[in-house]
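Structure first, commentary second.
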Amino acid sequence: MKTLAEFRAAYGLPLPDLILRAAAVHREHRDYADVQRCALLSIKTGGCPEDCGYCSQSAHYDTPVPRHPLMTVGEVRERAEQAKAAGATRFCMGAAWRSPKDGPEFDAVLEMVRAVRGLGMEACVTLGMLTPDQARRLAAAGLTAYNHNLDTSRRFYPQVVTTRTYDDRLETLRAVSAAGISVCSGGILGMGETVEDRLMMLVELANLATPPESVPINCLMPAAGTPLQMAPPVDSIELVRLIAVARLAFPTARVRLSAGRDRMSRELQVLCFLAGADSVFFGEKLLTAPNPGASADADLFRAMGLPVGSR
Ligand code: SAM
Ligand code: DTB
Ligand code: SF4
């Protein structure tokens, strides 16, 4: 599936039909029972010069999130060890940067990537815009994937972020692919965009020269002080439909049920897995916002009959 017309047609199918098709594609290309647990850590928090309207870490808004400078490699290694012990197989590190500065901080991030890889986990980072050289250095450090979300459609983007352009995002994705790093790119639902915008975002991703191997679908976590703090929650059936279309569009990718699970029932999450989602963020906190606790997730996995992990 590459065209908006195809995406619309799939999205508009009767729901059982859509879910069954997505489930069939999922079963054909991936192990249905393999739901990956990823741990998330904010390695540098707050004070970001970008004005992303959804983000608690933007310096443009007065939010209650405390700033924290870059963590040390030792602290990060310890958190990765804990995440591994709790059953995570991928460790994702986020920094509130517009783009990383070359020098000691970027070198420390390279060291963090090596530390995580040294534990036998997949390592993913999201640091903002990258130069081709930075992407190559991350690849040489063993980075598995780089997360850089398109977030929404090209046409809706300027209503959410004004300090960078959609083409800036695409340029970084090109640098990441050129360096041989796996691309993780998806978006956020619930920022006031239409269903058409969500589908247009998936079309953009599907038409990249190297389509993403990892597609996070976040539901907005409304953050106090941001322009989107009062945004209403995403409709559950719209979420399930979008996940199913993402599975059809990216048959071999990980489709990640990302932010927003703390407001989702077990039943909704199970429906998302049936519709093709096969990964979650695990642990009490995302970057700054809450996530279901370890025991709620253990219950969910147990109820689904999936391995709960060693804890
Ligand atoms: N600063 C880097 C960047 O924006 O590329 C990396 C960190 S940023 C927090 C990573 C991603 O988290 C964003 O691209 C966005 O898709 C997602 N995100 C941020 N705030 C969110 C929120 N309140 N709700 C849901 N997703 C959010
Ligand atoms: C992604 O798509 N979702 C994660 C990860 N990539 C870095 C981040 C979600 C952030 C949710 C809001 C917060 O914790 O501040
Ligand atoms: Fe900065 Fe990333 Fe937050 Fe945007 S989403 S304000 S770039 S940390």
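Of everything in the stretch 127-165 that is assigned to a helix (DSSP H, G or I) and farther than 14 Å from LEU110 by Cβ, the residue that is farthest from ligand 3 (Cβ to nearest atom) is PRO132.
Of all residues in the stretch 191-221, those that are touching a residue at least 60 places away in the same chain (Cβ under 8 Å) and part of a loop (DSSP other than H, G, I, E, B) total 5. Pairs are defined by a Cβ separation below 9 Å, a sequence spacing of at least 6 or placement on different chains, a first member in the stretch 19-40 that is over 30 Å from GLN82 (Cα atoms), and a second member that is assigned to a helix (DSSP H, G or I) and within 16 Å of ligand 2 (Cβ to nearest atom); the pairs so defined are ALA22/ILE243; ALA22/ALA246. In the stretch 278-311, the qualifying residues are those that are assigned to a loop (DSSP other than H, G, I, E, B) and within 16 Å of ligand 3 (Cβ to nearest atom), and the one that is surrounded by the most Cβ atoms within 10 Å (Cβ to Cβ) is LEU287. Candidates in the stretch 8-22 are the residues that are surrounded by 15 or more Cβ atoms within 10 Å (Cβ to Cβ) and among the small types (Gly, Ala, Ser); of these, the one that is nearest to PRO251 (Cα to Cα) is ALA22. Among the residues of the stretch 51-73, those that are over 30 Å from ALA277 (Cα atoms) and part of a loop (DSSP other than H, G, I, E, B) comprise ALA59, HIS60, TYR61, ASP62, THR63, PRO64, PRO66, ARG67, PRO69, LEU70, MET71, THR72.
Of all the criteria given as (1) of a type in the set (A, V, I, L, M, F, W, C); (2) within 30 Å of TYR61 (Cα to Cα); (3) within 19 Å of the chain's Cα centre (by Cα), the one not satisfied by ALA231 is (3).
Scanning the stretch 1-37 for residues that are within 16 Å of ligand 2 (Cβ to nearest atom) and in contact with a Ser or Thr (Cβ under 6 Å, 6 or more places away or on another chain) returns a single hit, GLN36. Every residue in the stretch 222-250 that is more than 16 Å from ligand 3 (Cβ to nearest atom), surrounded by fewer than 15 Cβ atoms within 10 Å (Cβ to Cβ) and assigned to a loop (DSSP other than H, G, I, E, B), please. Within the stretch 222-250, MET230, PRO232, PRO233, ASP235 qualify. Could you list, in sequence order, all residues of the stretch 5-25 that are in a helix (DSSP H, G or I) and over 15 Å from MET200 (Cβ atoms)? Matches in the stretch 5-25: LEU15, PRO16, ASP17, LEU18, ILE19, LEU20, ARG21, ALA22, ALA23, ALA24, VAL25. Within the stretch 119-133, work out how many residues are away from ligand 2 (no atom under 14 Å from the Cβ), surrounded by 18 or more Cβ atoms within 10 Å (Cβ to Cβ) and within 18 Å of ASN149 (Cα to Cα). Result for the stretch 119-133: 1. Take the conditions in a strand (DSSP E or B), of a type in the set (Lys, Arg) and touching a strand residue (DSSP E or B) at 6+ places or on another chain (Cβ under 6 Å) and apply them to ARG256. Does it pass? It is true that ARG256 is in a strand (DSSP E or B), of a type in the set (Lys, Arg) and touching a strand residue (DSSP E or B) at 6+ places or on another chain (Cβ under 6 Å). Suppose the filter is part of a loop (DSSP other than H, G, I, E, B) and surrounded by fewer than 20 Cβ atoms within 10 Å (Cβ to Cβ); does ARG98 pass it? So ARG98 fits the description; yes.
In the set VAL109, VAL116, only one residue is out of contact with any Phe, Trp or Tyr (no Cβ under 9 Å at 6 or more places or on another chain), of a type outside the set (D, E, K, R), surrounded by 14 or more Cβ atoms within 10 Å (Cβ to Cβ) and in a helix (DSSP H, G or I); that residue is VAL109.
The set of residues in the stretch 40-57 that are near ligand 1 (Cβ under 9 Å from one of its atoms), within 14 Å of VAL160 (Cα to Cα) and not acidic (Asp, Glu) comprises CYS52, TYR54, CYS55, SER56. Across the stretch 81-104, what is the total count of residues that are away from ligand 1 (no atom under 14 Å from the Cβ) and closer than 28 Å to ALA59 by Cβ? Residues flagged as away from ligand 1 (no atom under 14 Å from the Cβ) and closer than 28 Å to ALA59 by Cβ within the stretch 81-104 amount to 4. Taking residues in the stretch 258-279 that are more than 23 Å from PRO222 (Cβ to Cβ) and modelled with pLDDT of 95 or more, and partners anywhere that are surrounded by fewer than 21 Cβ atoms within 10 Å (Cβ to Cβ) and of a type in the set (D, E, K, R), the pairs with Cβ atoms closer than 7 Å and at least 6 places apart or on different chains are ASP278/ARG30; ASP278/ASP34.
Of the residues making up the stretch 58-94, those that are buried (at least 22 other Cβ atoms within 10 Å of the Cβ) and closer than 25 Å to THR144 by Cα are VAL76, ALA80, ALA83, ALA88, ARG90, PHE91, CYS92, MET93.
The values are calculated or read from the model by the stated rules, or taken from the named source; none is laboratory data. Treat the numbers as computed from the prediction; the structure is a model and nothing was measured. Heads up, the Cβs are rebuilt from the backbone with ideal geometry, glycines too, and the neighbour counts pull from every protein chain shown.
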